[in-house]
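Peer 1: First the structure, which I've put down as structure tokens, then a few questions once you've had a look.
The values are calculated or read from the model by the stated rules, or taken from the named source; none is laboratory data. Since this is a predicted model, take the numbers as computed values, not measurements. Heads up, the Cβs are rebuilt from the backbone with ideal geometry, glycines too, and the neighbour counts pull from every protein chain shown.
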Amino acid sequence: MVRLYEYQGKNLLKSVGIPVPEGDIVTTPYEAVKVAEKIGKPVVIKAQILTTGRFKAGGIKFANTPLEAEGVARELLGKEIKGLKVEKLLAEEKLNVEKEFFLSIIVNDSYKVKGPTILFSTEGGVDVEEVMEKHPEKISSVNVNYLHGFQPSDAQKLVLKLIESPNVVASISDIARKLYDVFTKNDASTVEVNPLVLTRDGRIIAADCRITIDDNSTFRHPEFKVELPRDMARPPTELEKIAWKVEEEDYRGTCYFVQLNPNIHEVEKGGYIAFHGIGGGASMLAADALMRRGLKLATYADTSGNPAASKVYRAIKILLSIPGLEGYCLAGAVLANQEQWYHAYALVKALREEARLRPGFPALILIAGNKERETHRIIREGLKDVPLRWELYGRDNIYNMDFLADRMITLIKDYKRKQETSPPKEYEGKQGPLGEHLSFTSQTGKVTISLARCIAPKCGFACIKADRWYGRACLKIEGGKPALTGSPEQLKRLCNECLACEVECELYGGKAITIELPLHGLDEFRRKYRVPV
């Protein structure tokens, strides 16, 4: 779900003719004065943040004059409410309320409904769940058949169950019909007007609204300017935007990434690690154990669903880009539906690069499940000469997460105590001139093979063996050297970006293969926060 701000929701209501209070969005105290002067009566000023309970948190205040409106705006703008910074305010007329109602439309996923349910209550301005529990007789509902639609007669039946006044019934029925139009036209998951008020001069007005949009539909609604289609109470961070581009541009598996503490300066103070899960079970067990031991998780990432190694690699690089991290933990177990060697090759490539930038950095790895033994072999061989503090565990430790948390703490303490004094250096990449080479573009990157650096047949053609076993036979032997099995266009479709050829080449002493996997904006982010590139 994607949450809309109140002012965005009210603009949608206005577009279909639902009455809303007179007002406008403001971003400065001066604008608040102008809006209050235009309204010409007392105003209410509301912080535009994606959370409920704004009134109790001090995010909704009243002003009787334009001068008071200026003071309120000055007080609220820039203030943090429930951890969210206020950057916009909605200034609108203060209503003289006679009665408050509740009206909403939700997607009801009950197997008996599987469609929209419309709720109406004469108890507005309060939590509808509380009304359902204490006064179920004050709630009316209608399940809508998509094929039939929400007809005027349905709207009247909804309201007539609770209200007798013909004028009020007609007004609310009309609003309910129009609200259903908002719901369907905007691919909404929830449309809620709470309260829907009857004013003392007889008007029915949507005093507040909350709308969420199906995150799978945001591509159809560029007008909402959604940067990251996910249920978030705050704007996405720079790294979350970078991670979303990875997810958006590669359909293979998942690259879910969220900063649990988006305040980077707080993370830099210490005590935080990067947490990386594969699926939910072991991830939650490990996360709970780590936090019980006093560690704080700066991130949560999930690379389940059988992603390509290139996608996992990008997730790890994003995770390790947060400044001030004291360690990295990967936890995934009982993974029967995906082969874990892709995670293994991604780990090896990413951690070998990071080791050159932060020698001695702690990494705790738990991978259990399908192809576990082979996955562990790849990781052990790939990291055996890498200057990191790393430990690898498997299925024997799935239900011993407290032990793993203690090992993470031990690695971190050792890292802090014996942290290498040599400054981090730039990643040197492959050595020697590129010379004669082969290259092709993969789905999300570029593969380059330097024939000048190639040591075949001394390596036993490790890259070709790995490609045949883990990849899709993009390479062959020709004249004692690697060669491509198809045209660049064919190889772009064929290559599964398993990263095996590059890693195995390097492990056997070669420096011939480079797989470039760009992450747009990541280097700039790292330089901005002084994280080695």
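Peer 1: Take LYS269 and decide whether it is among the basic types (Lys, Arg) and free of Cβ contacts under 8 Å to residues at least 40 places away in the same chain.
Peer 2: No: the conditions fail for LYS269.
Peer 1: Here's a follow-up. From the list ILE449, ILE515, which one is within 25 Å of PHE361 (Cβ to Cβ), assigned to a strand (DSSP E or B), touching a residue at least 24 places away in the same chain (Cβ under 8 Å) and of a type in the set (A, V, I, L, M, F, W, C)?
Peer 2: Only one candidate passes the filter, namely ILE515.
Peer 1: Given (1) of a type in the set (Gly, Ala, Ser); (2) touching a Phe, Trp or Tyr at 6+ places or on another chain (Cβ under 9 Å); (3) more than 14 Å from ILE25 (Cα to Cα), where does GLY78 come up short, assuming only one miss?
Peer 2: (2)
Peer 1: LYS476 versus (1) under 29 Å from GLN340 (Cβ atoms); (2) at pLDDT below 90: which is the lone unmet condition?
Peer 2: The failed condition is (2).
Peer 1: Let me ask you something else. When the stretch 103-138 is examined, which residues are found to be among the hydroxyl-bearing types (Ser, Thr, Tyr) and at pLDDT 80 or above?
Peer 2: Within the stretch 103-138, SER104, THR117, SER121, THR122 meet the criteria.
Peer 1: Starting from residues that are in contact (Cβ under 8 Å) with a residue 60 or more places away in the chain and in contact with a Lys or Arg (Cβ under 8 Å, 6 or more places away or on another chain), keep the ones in the stretch 368-392 and report whichever is farthest from GLN340 (Cα to Cα).
Peer 2: This residue is GLY382.
Peer 1: Out of ALA69, ALA36, ALA63, I need the residue that is crowded, with 18+ Cβ neighbours inside 10 Å, outside the structural domain of LYS10 (by TED's automatic domain parsing) and touching a Gly at 6+ places or on another chain (Cβ under 9 Å). Which one?
Peer 2: ALA63
Peer 1: Take the stretch 384-402 and flag every residue that is in a helix (DSSP H, G or I) and under 30 Å from the mean Cα position of the chain (by Cα).
Peer 2: If the condition is that a residue be in a helix (DSSP H, G or I) and under 30 Å from the mean Cα position of the chain (by Cα), then ARG395, ASN397, MET401, ASP402 are the ones that fit.
Peer 1: Now for a different question. I need the helices (runs of 4 or more DSSP H) fully contained in the stretch 280-382, keeping only those with at least 2 residues that are within 28 Å of LEU507 (Cβ to Cβ), at pLDDT 95 or above and touching a His at 6+ places or on another chain (Cβ under 7 Å).
Peer 2: Fully inside the stretch 280-382 and qualifying: 309-319.
Peer 1: Give the stretch 232-247 a look and list any residue that's within 16 Å of LEU522 (Cα to Cα) and either touching a strand residue (DSSP E or B) at 6+ places or on another chain (Cβ under 7 Å) or in a helix (DSSP H, G or I) (or both), or say none.
Peer 2: The answer is THR237, GLU238, LEU239, GLU240, LYS241, ILE242, ALA243, TRP244, LYS245, VAL246, GLU247.
Peer 1: Considering only the stretch 139-159, state which residues are among the small types (Gly, Ala, Ser) and not in a helix (DSSP H, G or I).
Peer 2: The answer is SER140, SER141, GLY149.
Conditions (1) aromatic (Phe, Trp, Tyr); (2) buried (at least 18 other Cβ atoms within 10 Å of the Cβ); (3) in contact with a Lys or Arg (Cβ under 8 Å, 6 or more places away or on another chain), marked per residue:
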| position | (1), (2), (3) |
| --- | --- |
| LYS465 | no, no, no |
| PRO482 | no, yes, yes |
| THR485 | no, no, yes |
| ALA500 | no, yes, no |
| ASP523 | no, no, no |
| ARG530 | no, no, no |
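Peer 1: Would you tally the residues in the stretch 92-111 being within 31 Å of the chain's Cα centre (by Cα) and either farther than 23 Å from ASP154 by Cα or not in a strand (DSSP E or B) (or both)?
Peer 2: Selection size over the stretch 92-111: 3.
Peer 1: Mind checking which pairs have a first residue in the stretch 486-497 that is within 11 Å of ARG472 (Cα to Cα) and a second that is at pLDDT 95 or above and assigned to a helix (DSSP H, G or I), Cβ under 9 Å, 6 or more apart or different chains?
Peer 2: Pairs found: ASN496/ALA309; ASN496/SER310; GLU497/ALA309; GLU497/SER310; GLU497/LYS311; GLU497/TYR313.
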